[in-house]
Amino acid sequence: MRYKTVEEILDQAAALHDRLAACSRDAAQAQDKQRVGLVLDYLADHQDRLRQAIKSFEDDAGDRVMSTWFDRSPELELPQVKSQELADIDEVETLIDKVIEFHDRIIALYGNLRDQAHVDQVREVFASLADLERHEKLELIQSSRQLQDI
């Protein structure tokens, strides 16, 4: 853990969502099962929306919030997911479990940062981002169930 600003943390979180979106798109093109491919396409769009939401938080937060330093910022780590690994998954449930693991890590990270924050506005940013991730995770679960029913 090293010193990081809120802006650096949010940029890194956005980059992680971007990377997962790219992996999902690549995997969808290589996927043989149509249903799994549809879920992968949905996941890519889902991750793009989250990346854009983070960027909106950055745009809306003031300079004071974005330049706030964390002296014990946890490292953001994406579960080791590669496009080929996603393409090799042939069950929607297995794929969703992998993505839920990612969301759970991000939610825990935002909660940790919220608890560390000494500035109310920074706490609010990370609380809102954790809520957004929880909401998106539930939407993902719901949408994947609907795709399984097709």
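The values are calculated or read from the model by the stated rules, or taken from the named source; none is laboratory data. All figures in this text were calculated on a predicted structure; none of them were measured in a lab. Ideal geometry is used to build each Cβ from the backbone, glycine not excepted, and the neighbour counts take in all protein chains shown.
Observations, loosely collected:
- Which listed residue, of 26, 45, 41, is among the acidic types (Asp, Glu) and touching a residue at least 40 places away in the same chain (Cβ under 8 Å): 26
- Looking only at the range 91-150, residues that are farther than 17 Å from residue 45 by Cα, acidic (Asp, Glu) and within 14 Å of the chain's Cα centre (by Cα) come to 4 in all.
- Helices (runs of 4 or more DSSP H) enclosed by the range 1-117 - at least 1 residues per element that are at pLDDT 90 or above, loosely packed, with under 14 Cβ neighbours inside 10 Å and of a type in the set (S, T, N, Q): 34-60
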